[in-house]
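The values are calculated or read from the model by the stated rules, or taken from the named source; none is laboratory data. What you see is a predicted model, and the numbers here were worked out from it, not measured in a lab. So basically every Cβ, Gly included, is an ideal-geometry build from the backbone, and we count neighbours across all protein chains shown. To get the accessible areas, we keep the full protein, side chains included, count just its heavy atoms, and leave off ligands, DNA and RNA. Shrake-Rupley method; radii C 1.70, N 1.55, O 1.52, S 1.80 Å.
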Amino acid sequence: MADKEKRRSGVNPPGMPAGKATKSDSDREFLSQAGVGDLLRGAILKMVEARSDDPIGFLADHFCNLASVTAAGLGGCGDEEQVNTGTVSAGAQEQQRLNRALWHLRLAHHSQRSAFSNNVRVAYDLLNLTGPQTCAGEFSEGPDGPCTDSPAGGGGVRGGLYTQTLQCLCSEGGVPASTSAPLLRRLHCHDHEAVPYDVFRHGVLTCAVFSDYIRQAQRLYAEVCCPGEGTASRALCMAVLGTLKEALETSQGSDSNYCANANTKVNSCPEANVKAIRYLEASAKISPCKLAQAMAGAQTRGPGGNMDAKEFENAAAELFITRVKVVS
Amino acid sequence: SRMNRLNPTVPADQYLADSNVLFYLNDAVIQLLEHKEEYNQFGVIRYFAEYFSSVKNSNHVLFREFNYIQATPHNRASFIRVFWKCYRQIGKSGDLLSMLEYRSLLQLLCPDFPVVLVQSAARIAVMDDTIDCLMSFSDFLYAFQLQFYYQEFLDCVLVIYQDLLAGKSPNTVIVPTSTSIEQIPSVSTEENNKEERPQDGVEPSTLVECIDALCDRSKHSHPPRSCMREILKQTDRISYYSFLMSLAKQEAINQTIGVLPSKAELLIDPEMDQELDKLIAQIVVSPSSNSSSSAVGGLKEVQKKASPRRNIHHRRRMEVESDGSTEETDSSEN
């Protein structure tokens, strides 16, 4: 850090208003000419929409992304522009598209449902931008490549890209590969398959919810953990997992299609009310007081020994994953 | 603020206020206007990308004015980290420095860094007011971290402490909403002059109560309550500075702030050592070279004319030449 020279340098010391009155006009002109107002307004809107945990990091990524897009001569940050096919190799191009798609997916938390859905759509379209010539080239590995479909849209995101997207989402969400692997197996599409939008959206959403869920599970373990010691008692962990399971079962009810999570919003279907009540019941089941009851009970009976963080995480992950239907 | 994401009901303006983003945007625009000719060439988007990347990476506080580095918790933490990274070598060589020498080091990074804060930190580190009392880098660093990061909170605790000492009932203790740092040294010097004996100080249980109440209404960040309770549980009487000294040594507080490693690992960083060696070699070879081609690209050019460059050379020279003798540090200021 010491080595990095700072641009931050040249500020006037406070109390040195360098001719404010005369400067302000030219300053204003400069800002409007450079489009700073629009740039910042856009950034703030995106940020508020996304409600990122790390607003500074979000803005850094946002501006870097804009800068790289403009630097690549793509003109602005519009989402629909075609990727420049000039000198970039097809592989690099694909990587670039994947990065941009992931960037869009990161923009809004999945609980911001309409913003998230828009971003999923944008990401899907970006990944689906496989032009006919690229498609005919190195990309069609399978017996029936996706490029046999419509030329413009590519007929769907290729399975390989879809899988890569989900892997990135999970690892960015802080989920170890070993924990996410069973989930990804359930959501898996073959590399040569063309993944339709619905499947893509389901996969992305499930991974996003799963990442949140695992983070919460990790936090839960940290709570159960004795301070100072690295591990938690097995009895307590089992009690917590049992409570979690019960809650998941309640929230899911008879409808087995959706990943159960308190964050999952209710769709606009006729039984919306029934679902809402079920979610309420489920959250009551995992409430602090219920949990405390279960843990108090477990302390007296239940197995001895400890459970480490990874085992707990795996067990919690399994509760989630068994409720995700297999994509075939 | 960690839970913002899981709590979508936070209104937009609340979210913005919590994030301090408007503060940074405002500063970014002011900086941009200061250097508009240069930045204009590379585009404002690139400029904002650089600005926020440096804020994110905690590189943004170096050579900035004190008002900036203390403006947000993130800035404070970043400055503590920068201080540690820049002067780790001093800790490594085992040198003991005086308060004035630490002040000089701090002012190389932040020219208008107020001496009162350094004084308070030194007092926490050694519980001694004598001006040439020497202290190790790590003792000073953790004390400085506590003092600088929790400045406002500690000021309030001091006021409470003095009221308790004076025998006022805790219920009537009024905590000022804002204290200026100027008023601290005089009061505490006075207190120090009274020659603290072990039985001096206040009843820890009363202090805990008052601090709890303070935490409830204070909008400034404070050390985890459990840490403070833990320390106050251990003695019959406690003085302000022995309380702070114990706080400074709490690893849990260090982790809460989250920028420094634990004391055991404070001086281990082979990567940094290598980088430093390279840099020092570079500067010894070509003291006037300005270069460095990084992602920042042309933006770096701008720094050429800014005064902090002088500081960088200055510091390097000091590190290269002095190696233990601290005379130069002393004279390097003013």
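Between residue B:237 and residue B:96, the distance separating the two model label sites (each 7 Å from Cα on the Cα→Cβ line) works out to 2.8 nm.
With Cα atoms as the point set, the stretch B:1-122 shows a radius of gyration and Dmax of 17.6, 53 Å. Separation of the stretch A:276-328 from the stretch B:72-97 is 43 Å, based on Cα centroids. Chains A and B together bury roughly 5200 Å² of accessible surface, counting both sides and using a 1.4 Å probe on protein heavy atoms.
Between residue B:57 and residue A:326, what is the FRET efficiency for a Förster distance of 30 Å, r being their Cβ-Cβ separation, to the nearest 0.05? Calculated transfer efficiency: 0.10.
Tell me, what is the FRET efficiency for residue B:230 and residue A:277 to the nearest 0.05, using R0 = 56 angstrom and their Cβ-Cβ distance as r?
Values: r = 44 Å, r/R0 = 0.79.
With R0 = 56 Å, the Cβ-Cβ based efficiency is 0.80.
Compared with the direct C-alpha span, the chain from residue B:130 to residue B:252 gains 40.9 nm at full extension, assuming 0.36 nm per residue. Proximity of backbone amide H atoms, modeled 1.01 Å from N, is registered between residue A:188 and A:327 at under 5 Å, excluding neighbours fewer than 5 places apart on the same chain. Amide H contacts of residue A:232 (H built 1.01 Å from N, in plane; Pro and chain starts excluded): A:307 sit under 5 Å, all sequence-distant by 5 or more or on other chains. Each label point was placed 7 Å from the Cα along the Cα-to-Cβ direction; for residue A:54 and residue B:279 their separation is 2.3 nm.
With a simple spin-label model that places each label point 7 Å from the Cα along the Cα-to-Cβ direction, the separation between residue A:219 and residue A:177 comes to 2.8 nm.
For the stretch B:29-152, what is the accessible area per residue in Å², given a 1.4 Å probe and the full set of protein chains?
Accessible surface, normalised per residue, equals 29 Å².
Full-extension gain between residue B:263 and residue B:115, please, as 0.36 nm times their residue separation minus the C-alpha to C-alpha distance. Numbers along the way, then the final one.
On the way: separation 148, 0.36 × 148 = 53.28 nm, distance 2.50 nm.
Gain in length upon complete extension: 50.8 nm.
Here the stretch A:277-328 has 60 percent of its accessible surface on carbon and sulfur atoms, given a 1.4 Å probe and all protein chains in place.
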